[in-house]
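The values are calculated or read from the model by the stated rules, or taken from the named source; none is laboratory data. Computed from a predicted structure; not experimentally measured. Here the Cβ positions follow ideal geometry from the backbone for every residue, glycine too, while neighbour counts run over all protein chains shown. The protein model used for the area step is the full one, side chains on, heavy atoms only, and it has no ligands, DNA or RNA in it. Shrake-Rupley method; radii C 1.70, N 1.55, O 1.52, S 1.80 Å.
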Amino acid sequence: MTTILTMYGIVSLGLIFSFVKDKNKTMKVFKVAKKALLNSLPSLLGVLGIVGLILGLLPPETISKLIGSEAGFLSTIIASILGAVTLIPSLIAFPLAGSLLRAGATITTISVFVTTLVMVGFVTMPLEIKILGKKFALLRNGLSFIIAFIIAIIMGFIL
Amino acid sequence: MNNQEMNYQTPKSDNMMQNKKKNPLKKWLSMVVVVLAFVIVFIIDKEKGVASVTVTWDYFKEMFLILPPVFILMGLIEVWLPKEKIQSWLGNESGIKGILLSIGLATLPTGPLYIAFPMTATLLKKGASIRNMVIFLGTWAALKIPQLMVEIKFLGFWFTALRFGLTLIGLLIIGYFIEYLMKKEDNNLGLSKPV
């Protein structure tokens with residue numbers, strides 16, 4: 001909620017400033033916004049549906065079962081794939097990761113899960129490709145996935 | 001088709017996302033596929049279907065509230081911030097200042113990653129460098145302040161601090177690397193030609 005209020009606050013200030021300075025330009029702001037919104041709405045709704053489907057099919061309990069509490073390379077791999085494919089809000093993801101850690105999962109597994117979860121977006125990739133181009137999106141997600149492993153391994157060593 | 005494309009690219013409304021020339025059917029294709037997927041899930045397992053719809057509805061409400069200010073903000077950037085400004089703040093020559101600004105902007109509480117994509121496209125069109133935008137997106141995704149607070153609470157300070165530091169280093173590497181790879185082949189990112 002704070003997030004949304006902050007956004008509305010910033011934008012309202014911007015619009016007031018814009019309106020005082022130049023009415024015509026402010027109308028253009030709305031025109032640009034409307035055009036961009038209508039353009040990306042179909043894919044945004046599509047992504048939303050996919051996110052809903054994945055979360056519906058893979059609820060936190062299932063994820064926690066799949067990652068498991070064993071220390072092993074396999075659970076790290078599974079965690080990285082689940083992290084890359086799912087899109088879980090942080091208020092659900094971090095408690096889940098915390099409980100897995102306490103249940104015996106390794107730091108490496110948990111950190112690869114958290115890092116891929118936030119940095120690699122498999123379901124948002126079609127949208128990212130559409131807006132930012134195929135090469136950019138593939139490189140960004142692919143390299144983030146690799147970096148997530150390096151980060152996780154270093155964290156496993158240190159912590 | 002050509003006509004439409006041209007009037008969409010008038011220099012005045014030098015806008016992102018020129019996907020308008022796609023026919024409407026194609027535009028909604030992904031939606032149709034997703035709806036079909038829902039139907040299939042419902043047929044196979046009604047309980048999971050209900051769960052999926054519930055989650056989607058929750059996300060929809062959030063998105064519905066957050067999209068208007070985001071797109072108006074993009075409009076404000078588009079109309080009011082001159083290209084030279086963005087270029088000097090976030091462009092190729094912006095150096096460490098540009099990197100810090102990208103990180104600073106992205107750590108603010110601003111919502112889910114998918115709304116950062118159109119924002120990034122706007123900034124790229126206005127002259128921001130690829131390196132800075134990779135860092136911007138990565139920070140937005142992985143290092144947002146409200147998210148870090150939740151992380152500290154559940155995974156501890158040291159876990160969070162270490163992940164923060166390593167992710168930052170990782171993002172710098174990815175940023176420079178992607179910029180290098182994309183510059184080598186083509187400069188324009190394919191933004192003007194929809195995929």
- Charge dipole of chain A about the Cα centre (unit charges at C-beta), most positive-ward option of A:ILE154, A:PHE94, A:LEU38: A:LEU38
- Per residue of chain A, what 222 nm ellipticity follows from adding -39500 (n - 2.57) for every DSSP H run with n ≥ 4, rounded to the nearest 500? -28500 deg cm²/dmol
- Per the Kirkwood formula on distinct C-alpha pairs, the Rh of the stretch A:104-159 is how many angstrom? 11.8
- Quick one: dipole size for the stretch A:16-118, taken about the Cα centre, charges +1 on Lys/Arg Cβ and -1 on Asp/Glu Cβ, in debye to the nearest 20. 920
- Ordering B:TRP140, B:TRP57, B:TRP28 from largest to smallest accessible area (1.4 angstrom probe), what's the sequence? B:TRP57, B:TRP28, B:TRP140
- Using only the Cα atoms, what convex hull volume per residue in Å³ does the stretch A:58-158 have? 88
- Item | Rounded to whole Å, sorted largest first: equivalent-ellipsoid semi-axes of the stretch B:114-182, Cα gyration tensor | 26, 15, 6
- Query: How much accessible area per residue does the stretch B:73-195 have, in Å², with a 1.4 Å probe?
  - Reply: 42
- Message: At a threshold of 8 angstrom on Cα-Cα distance, excluding pairs fewer than six apart, so keeping six or more, what relative contact order does chain A reach in percent?
- Response: 20
- Query: What helices does chain A have that are whole DSSP H segments, at least 24 Å long along their own axis by Cα, and with mean Kyte-Doolittle hydropathy of -0.5 or more?
  - Reply: A:2-21, A:23-57, A:134-158
- Task: In whole Hz, with x marking every Gly and Pro, tabulate ³J(HN,Hα) for the stretch B:96-104 from phi via Karplus 6.51 cos²θ - 1.76 cosθ + 1.60, θ = phi - 60°.
- Result: 5, 4, x, 5, 4, 5, 4, 5, x
- Message: I want the local charge near B:GLU151. Using Cβ-Cβ distances under 13 Å, sum +1 for each Lys or Arg and -1 for each Asp or Glu among the other residues.
- Response: +3
- About the Cα centre of the protein assembly as shown, what is the dipole size in debye to 20, counting +1 per Lys and Arg Cβ and -1 per Asp and Glu Cβ, all else neutral? 1160
- Query: Can you give the relative contact order of the stretch B:83-195 as a percent, counting alpha carbon pairs under 8 Å and 6+ residues apart?
  - Reply: 27
- Over 23 Å between C-alpha atoms is what I'm after, so list which of A:LYS130/B:LYS48; A:LYS135/B:LYS183; B:LYS27/B:LYS183; B:LYS83/B:LYS183; A:LYS21/A:LYS130; A:LYS34/B:LYS27 land there. A:LYS130/B:LYS48; B:LYS27/B:LYS183; A:LYS21/A:LYS130
- Quote the total accessible area buried by chains B and A together, excluding ligands, DNA and RNA, probe 1.4 Å, nearest 100 Å². 7100
- Message: Using the Cα centre of the protein assembly as shown as origin and beta-carbon charges of +1 (Lys, Arg) and -1 (Asp, Glu), tell me which of B:MET133, A:VAL29, A:GLY9 is placed farthest towards the positive end of the dipole.
- Response: A:VAL29
- FRET efficiency for B:ASP58 and A:GLU70, using Cβ-Cβ distance with R0 set to 41 Å, rounded to 0.05: 0.80
- Go through the stretch B:70-103 and name the GluC sites (Glu not before Pro) that are in a DSSP coil and have 14 or fewer other Cβ atoms within 10 Å of their Cβ. B:GLU93
- Task: Over the stretch A:58-158, with every protein chain in place, what whole percent of the accessible area is carbon and sulfur at 1.4 Å, could you tell me?
- Result: 76
- Message: What distance in nm lies between label points placed 7 Å from Cα along the C-beta direction at B:LEU29 and B:GLU84?
- Response: 4.3
- Item | Value in Å of the Kirkwood radius, where the stretch A:1-41 supplies the Cα pairs that are averaged | 11.2
- Query: Under a Cβ-Cβ cut-off of 14 Å, what is the net charge of the residues other than A:GLY98 that fall near it, where Lys and Arg count +1 and Asp and Glu count -1?
  - Reply: +2
- Rg and Dmax of the stretch B:68-195 over Cα atoms: what are they, in angstrom? 15.2, 45
- Query: When all alpha-carbon pairs of the protein assembly as shown are counted, what percent fall beyond 29 Å?
  - Reply: 41
- With only Lys, Arg, Asp and Glu charged, each at its Cβ (+1 for the first two, -1 for the last two), find how big the charge dipole of the stretch B:83-195 is about the Cα centre; round to the nearest 20 debye. 160
